[in-house]
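K.L.:
Quick one: structure below, then a few questions.
The values are calculated or read from the model by the stated rules, or taken from the named source; none is laboratory data. Quick caveat, the model's predicted, so the values are computed rather than measured. Cβ atoms come from the backbone with ideal geometry, glycine included; neighbour counts cover every protein chain shown. Surface accessibility is based on the protein's heavy atoms, side chains included, excluding ligands, DNA and RNA. Shrake-Rupley method; radii C 1.70, N 1.55, O 1.52, S 1.80 Å.
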Amino acid sequence: MKIIPGPASTELGEKIATLTGYGKVSVASRVFPDGESYVRLEGNVQGEHVAIVQTTCAPQDTRLLQLAFLASAAKRNGAAKVTAVVPYLAYARQDKIFLQGETVSIQTIADVLKAAGIDELLTVNVHSEPALKLFPFPATTVTAIPNLAKYFTDKGIKNAFALSPDKGAMYIAMQAQQVLQGEVGHLEKQRDRYTGQTTQTATHLNVEGKTVIIFDDIISTGGTIVGAAKILKQQGAKHVYTACVHGLLIGDAEKRILDAGVEEIVSTDSVPSKNSKVTLAPLLAEALKAQA
Ligand code: R5P
């Protein structure tokens, strides 16, 4: 297998190449003044199974097209198999029709990636697992939640309360609890499908005087975490932290979260930023080795 670090995940791709010991094929890339993307493989892929590492956070559409172009370039240059390693999978939240007139965006993305030459996809904490069933080739997800929880135990924070901001993400809090060895709970969250606005409900949680870590798959505008932190503070939590796999942190999300009393934001390098304190490289290297 050869690793191709895509322009959106160069550092992560290089770490994966080092950990696996597989060869690396570099990519030359640029975006033309009019916004169009250009990519070129700088090494030989003839007869190889290649893994293209390319996250698809903003600008999502550019990143997705770069991934498609790289897959197509790999196949044109004789690659035997292309695996896309996409830590943050854009459009996975639109995995069904919520309102009449919409489309299933992730299915269209899947079809485009298939047409470009991708044979298999590996992602991390996909927002919705059923979305992966819509891909016309094998698509799997691995979880980085234990790695995020370990960041806190390594820091000396033991037995913290693992909280998920809604019931649907309770499985995330439970994965964290396995490492933290503390209590677990969730809030209730409702979303207005027309405006996108969410409201959170304060169920009673046993958090008085405790350290609580709010776990989510994605932090986007930060609204969910700000709402949860306010409820935790009202209920007497002593320390509040937050951890997510995909720290999109749009606009002033980080400031709003810290202003709400959250002491630290921890994310992975799925979306590279100064909050990326946990690397996905070992997790993805293991998953690729199992495939090779
Ligand atoms: C949604 O269900 C996700 O799991 C996250 O809770 C959501 O994407 C976070 O969005 P925001 O940061 O804008 O509240």
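K.L.:
Once each part is reduced to its C-alpha centroid, what is the distance from the stretch 190-219 to the stretch 98-112 in angstrom?
P.N.:
The stretch 190-219 and the stretch 98-112 have Cα centres separated by 27 Å.
K.L.:
If you don't mind, there's one more thing I want to ask. Is there a quick way to get the dipole size of the chain? I mean about its Cα centre, with the Cβ of Lys and Arg at +1 and of Asp and Glu at -1; what is the value in debye to the nearest 20?
P.N.:
240
K.L.:
Please identify, among 242, 20, 108, the residue showing maximal mean-square fluctuation in a Gaussian network model of the chain using a 10 angstrom Cα cutoff.
P.N.:
Maximum among the listed residues: 108.
K.L.:
Would you calculate a helix-derived [θ] at 222 nm for the chain, using -39,500 (n - 2.57) for each DSSP H run of n ≥ 4 and dividing by the full residue count, to the nearest 500?
P.N.:
The helix-only estimate for the chain comes to -9500 deg cm²/dmol at 222 nm.
K.L.:
Please say if the stretch 145-228 is rounded, prolate or oblate, where rounded means a/c under 1.5 for a ≥ b ≥ c the square roots of the C-alpha gyration tensor eigenvalues, and otherwise the choice is prolate for a/b larger than b/c and oblate otherwise?
P.N.:
prolate
K.L.:
Out of the total accessible area of the chain (probe 1.4 Å, heavy atoms of protein only), what percent is carbon and sulfur?
P.N.:
Of all accessible area on the chain, carbon and sulfur atoms account for 50 percent.
K.L.:
What ratio of Cα Rg to 2.2 N^0.38 Å holds for the chain?
P.N.:
Expressed relative to 2.2 N^0.38 Å, the Cα Rg reads 1.04.
K.L.:
Follow-up question, since we're still on this one. Quick check on the stretch 1-82: take the gyration tensor over C-alpha atoms, sort the square-rooted eigenvalues as a ≥ b ≥ c, and tell me if it's rounded (a/c under 1.5), prolate or oblate.
P.N.:
It is oblate, given that a/c is not under 1.5 and a/b is not larger than b/c.
K.L.:
Heavy-atom accessible area per residue, the stretch 1-136, 1.4 Å probe: how many Å²?
P.N.:
45
K.L.:
Apply the Karplus curve 6.51 cos²θ - 1.76 cosθ + 1.60, θ = phi - 60°, to the phi angles in the stretch 278-292 and return the couplings in whole Hz, x for Gly and Pro.
P.N.:
With the stated coefficients, the stretch 278-292 comes to 10, 8, 7, 3, x, 4, 6, 4, 4, 5, 6, 4, 5, 7, 5 Hz.
K.L.:
Angle check, please: helix 60-76 long axis (alpha carbons) against the longest principal axis of the chain (alpha carbons), in degrees 0 to 90, nearest 10.
P.N.:
30
K.L.:
Assigning unit charges at the beta carbon (Lys, Arg +1; Asp, Glu -1) and nothing else, what dipole magnitude in debye, to the nearest 20, does the stretch 120-229 show about its Cα centre?
P.N.:
80
K.L.:
Restricting to the chain, what percent of DSSP beta bridges are antiparallel, rounded to 5?
P.N.:
Antiparallel: roughly 20 percent of the beta bridges in the chain.
K.L.:
Which is farthest toward the positive dipole end of the chain among 178, 138, 280, measuring Cα position about the Cα centre, with Cβ charges +1 (Lys, Arg) and -1 (Asp, Glu)?
P.N.:
With unit charges placed on the Cβ atoms, the residue in question is 178.
K.L.:
Further question on the same structure: What net charge do the residues around residue 47 carry, taking every other residue with its C-beta under 14 Å from that of residue 47, with Lys and Arg at +1 and Asp and Glu at -1?
P.N.:
With Lys, Arg at +1 and Asp, Glu at -1, the net is +3.
K.L.:
Express the relative contact order of the chain as a whole percentage, based on alpha carbon pairs under 8 Å and six or more residues apart in sequence.
P.N.:
Worked out over the chain, it gives 13 percent.
K.L.:
On a 0 to 90° scale, report how tilted helix 145-154 is relative to the longest principal axis of the chain, with both axes built from alpha carbons and the result rounded to the nearest 10.
P.N.:
Approximately 60 degrees, to the nearest 10.
K.L.:
Name the residue from 53, 23, 33 whose Cα lies farthest towards the positive end of the charge dipole of the stretch 9-54, charges +1 on Cβ of Lys and Arg and -1 on Cβ of Asp and Glu.
P.N.:
Farthest towards the positive end: 23.
K.L.:
What does a probe at residue 115 reach in the stretch 66-81, counting residues whose amide N is under 14 Å from the point 7 Å along Cα→Cβ?
P.N.:
Residues 68-69, 72 qualify, since their backbone N sits under 14 Å from the label point.
K.L.:
Sticking with this one: Compute the distance from the alpha-carbon center of the stretch 240-263 to that of the stretch 277-292, in whole Å.
P.N.:
Between the Cα centres of the stretch 240-263 and the stretch 277-292 lies a distance of 26 Å.
K.L.:
To continue, here is another question. Which distance in nm do the two modelled labels at residue 97 and residue 133 give, with both placed 7 Å along the Cα-to-Cβ direction?
P.N.:
Going from the residue 97 label point to the residue 133 one covers 1.7 nm.
K.L.:
Is the shape of the stretch 177-263 rounded, prolate or oblate, going by the alpha carbon gyration tensor and its root eigenvalues a ≥ b ≥ c, with a/c under 1.5 for rounded and a/b larger than b/c for prolate?
P.N.:
Taking the square roots of the gyration eigenvalues as a ≥ b ≥ c, the stretch 177-263 is prolate.
K.L.:
While we're here: Highest mean first, how do 281-290, 41-50, 8-17, 84-93 rank when packing is the count of other Cβ atoms within 10 Å averaged over residues?
P.N.:
84-93, 8-17, 281-290, 41-50
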